[in-house]
1. Once all Cα-Cα distances of segment 34-118 are split into 5 Å bins that start at 0, what whole-number percent is in each one?
2. Kindly give Rg over Rh for segment 65-112, based on alpha-carbon atoms, with the Kirkwood expression for the hydrodynamic radius.
3. Angle check, please: helix 34-53 long axis (alpha carbons) against the longest principal axis of the chain (alpha carbons), in degrees 0 to 90, nearest 10.
4. Express the carbon and sulfur contribution to the solvent-accessible surface of segment 1-48 as a percent, rounded to the nearest whole number, probe 1.4 angstrom.
5. Output wanted: per-residue J couplings in Hz (rounded whole) for segment 120-132, from phi through Karplus 6.51 cos²θ - 1.76 cosθ + 1.60, θ = phi - 60°, x for Gly and Pro.
6. Take the Cα atoms of the chain, find their three principal axes, and give me the spread along each one in whole Å, biggest first.
Amino acid sequence: MIVVADASVLVAELLRRRGRDLLSHPDLQVVVAEDQWNETLHELDKRLGAITQHRQLTSAQAQELRAAVHELVASHVIEVIPRSFYEHAESTARRRIPRDARDWPTVALAIALNAGILTGDNDFLGCGCPTWTVETLARELE
């Protein structure tokens, strides 16, 4: 099964062991639009900085987590798809996701791949692509 991951769900799930395990499921192919991956890395760094500052993680633990995230991409568990692959669907995607224009790359990639979207964001509802929550996807893969 192929799912296009939204940046917000990636940030949340990459911080959790169970989330990384779900994203690594052998029956799942996780792809992310290049634009959303850049946003994911930015937000992940911000979140890890805040967690480290509040002493919930040491700097070494935060660095290990960053390395684990990059390993998921290096091992193709998460595949970052270049903008050139999905930009042809930009106008359709923008029309389908009027509440948050920044989310158009996720919708465009889902359109290009005829895939569902892994998200916790209700803005994707009604975009014409199937949506999955982490909970429903985990149950489907059980």
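The values are calculated or read from the model by the stated rules, or taken from the named source; none is laboratory data. These numbers were taken from a predicted model, which means no experiment stands behind them. Only protein heavy atoms, including side chains, enter the accessible area calculation; ligands, DNA and RNA are left aside. Shrake-Rupley method; radii C 1.70, N 1.55, O 1.52, S 1.80 Å.
1. Distribution as computed: 3, 14, 19, 19, 15, 12, 10, 7, 2 percent.
2. On the way: Rg = 13.3 Å, Rh = 11.9 Å.
Reported Rg/Rh (Cα atoms, Kirkwood Rh): 1.12.
3. 30 degrees
4. Carbon-and-sulfur percentage of accessible area, whole number: 46.
5. x, 9, 5, 4, 7, 4, x, 7, x, 10, x, 10, 10
6. For the chain, the Cα spread along each principal axis is 44, 32, 26 Å.
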